[in-house]
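Worksheet for the structure shown next.
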Amino acid sequence: MKLLDMLEESLADIDAHGLRRRRRTIDGPSGAHATVDGREMIGFANNDYLGLAAHPVLVDALAEGARRYGAGAAGSHLLGGHSRAHAQAEDDLAAFCGGFVDNARALCFSTGYMANLAVLTALAGRGATIFSDALNHASLIDGARLSRADTVVYAHADAEALDAMLAACRSSVKVIVTDTVFSMDGDIAPLRALLDIAERHGAWLVIDDAHGFGVLGDDGSGAASAYRLRSEHLVYVGTLGKAAGVAGAFVVGHPTVIEWLVQRARTYIFTTASPPAVAHAVSASVRLIGGDEGRARRAQLAQHIARTREILRSTSYKPIDSHTAVQSLIIGSNEETLAVAAALDEAGLWVPAIRPPTVPAGTSRLRISLSAAHTQHDLERLAAAFETLTEQFR
């Protein structure tokens, strides 16, 4: 069989199981309201939780950064690419999110995927053991694999089982790793219990706060602040392309941890730094998140979350209990999930269908991502559409 024929056959199999992924094209800014494939739609697909991605302050900061620093970094951070904008963004992020450890430092990465690969491969290696939540993001799973450490998967959010696993572990280096807000279910890890386990067993606790930074905590500084975590064992990973509205990611931790990443994190050392203009916009975003406007937007988002929970409970499907901006509705089969998503799309609502392998077989779902930029009218449109769909599909 020819190589291309093998790929075509595999693609046909993906189609037969309703698993083909398709991109959609947005004209203009991506947000709660967008032009998608030429149609005006209400978007519940992206992770712009505070509605900052097209905020004039960030747009102006990005343009100012480009004028000041140019379009690109032109080198890796260790070979001429580390600008004053990068240094300032790291200082701002450490001050904003680093209250869990004395003299916290931050390190910026081009993507959240790269940050997670960096932390796990640098902290763990052959002979170490990584304890990974069963529902962790793909980047954490891949980071564990690339580290060459032994990996033990514990049942989702099961702190008691995890405690027993660490008690039986004889590795000199132990790393617990978890999402804070789980991206497909929207629930939150038992962070205080996990930190207690990490400290009692001499383990690192790595938390990926991709969907919590900017949203959790009174000032939006994330899960560590929201749950009053404090420990040298804690390593915090945040994402800048979601609630922060910009791009990239960062790690905050004890100064020794950050220095170790500078020396050993391959995804930091061997890649060109992100554009300094982006880092300049990150500093502006941190100020917005922590200020009065950020607080007002988090309050608006909380209202949307409460209303959406009511809407999903009124459907004939199974909502996952979430108090975060990620609201999922389990439909079941791939075919029905795609049909419901298509009907919502016809009504002008972009709600993505999530299918295996992203979620387990039989749990295909709609994933509604809420933003402070949504309006009450948007949510009532969603409610009306679901009311019609309940009659149509059940």
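The values are calculated or read from the model by the stated rules, or taken from the named source; none is laboratory data. On a predicted model such as this, the values are computed, not experimentally measured, just so you know. Because the Cβ atoms are built from the backbone with ideal geometry, glycine has one as well, and the counts that use them run over all protein chains shown.
Some values worked out for this structure:
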| read-out | value |
| --- | --- |
| Residue selected from the stretch 14-26 under the condition loosely packed, with under 11 Cβ neighbours inside 10 Å and without any contact (Cβ under 8 Å) to a residue 12 or more places away in the chain, by the criterion farthest from residue 339 (Cα to Cα) | 23 |
| Search result, residues across the stretch 96-139 that are among the polar types (S, T, N, Q) and in contact (Cβ under 8 Å) with a residue 60 or more places away in the chain | 103, 110, 111, 116, 121, 136, 139 |
| Residues of the stretch 248-261 satisfying the condition of being of a type in the set (Val, Ile, Thr) and surrounded by 15 or more Cβ atoms within 10 Å (Cβ to Cβ) | 251, 252, 257, 258 |
| Number of the exception - residue 315 against (1) more than 23 Å from residue 57 (Cβ to Cβ); (2) surrounded by fewer than 23 Cβ atoms within 10 Å (Cβ to Cβ); (3) touching a residue at least 60 places away in the same chain (Cβ under 8 Å); (4) in the same structural domain as residue 89 (by TED's automatic domain parsing) | (4) |
| Of all residues making up the stretch 83-141, the number that are closer than 22 Å to residue 201 by Cβ, assigned to a helix (DSSP H, G or I) and over 16 Å from the mean Cα position of the chain (by Cα) | 4 |
| Residue count, the stretch 1-33 (criterion: more than 30 Å from residue 50 (Cα to Cα) and not in a loop (DSSP other than H, G, I, E, B)) | 14 |
| Residue in the stretch 238-245 that is under 13 Å from the mean Cα position of the chain (by Cα), of a type in the set (D, E, K, R) and under 30 Å from residue 372 (Cα atoms) present | yes |
| Condition met for residue 338 (in a strand (DSSP E or B) and either at pLDDT 95 or above or not assigned by TED's automatic domain parsing to the domain that holds residue 106 (or both)) | no |
| Residue match in the stretch 42-53 (condition: touching a residue at least 24 places away in the same chain (Cβ under 8 Å), exposed (fewer than 14 other Cβ atoms within 10 Å of the Cβ) and assigned to a strand (DSSP E or B)) | no |
| Index of the failed condition, residue 373 passing every other in (1) part of a helix (DSSP H, G or I); (2) crowded, with 20+ Cβ neighbours inside 10 Å | (1) |
| 3 or more residues of a type in the set (Val, Ile, Thr) and not assigned by TED's automatic domain parsing to the domain that holds residue 70: qualifying strands (runs of 3 or more DSSP E) within the stretch 184-276 | none |
| Conditions (1) closer than 23 Å to residue 183 by Cβ; (2) small (Gly, Ala, Ser); (3) more than 27 Å from the chain's Cα centre (by Cα): number failed by residue 12 | (1) |
| Meets criteria (in a strand (DSSP E or B) and closer than 27 Å to residue 354 by Cβ) for residue 327 | yes |
| Residues being farther than 20 Å from residue 113 by Cα and in contact (Cβ under 8 Å) with a residue 24 or more places away in the chain - total across the stretch 157-182 | 12 |
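Here is a yes/no grid of residues against (1) under 17 Å from residue 157 (Cα atoms); (2) basic (Lys, Arg):
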| site | (1), (2) |
| --- | --- |
| 170 | no, yes |
| 175 | yes, no |
| 195 | yes, no |
| 214 | no, no |
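Okay, residues lined up against (1) more than 30 Å from residue 20 (Cα to Cα); (2) free of Cβ contacts under 8 Å to residues at least 40 places away in the same chain:
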site: 274; (1), (2): yes, no
site: 278; (1), (2): yes, no
site: 282; (1), (2): yes, no
site: 302; (1), (2): yes, yes
site: 338; (1), (2): no, no
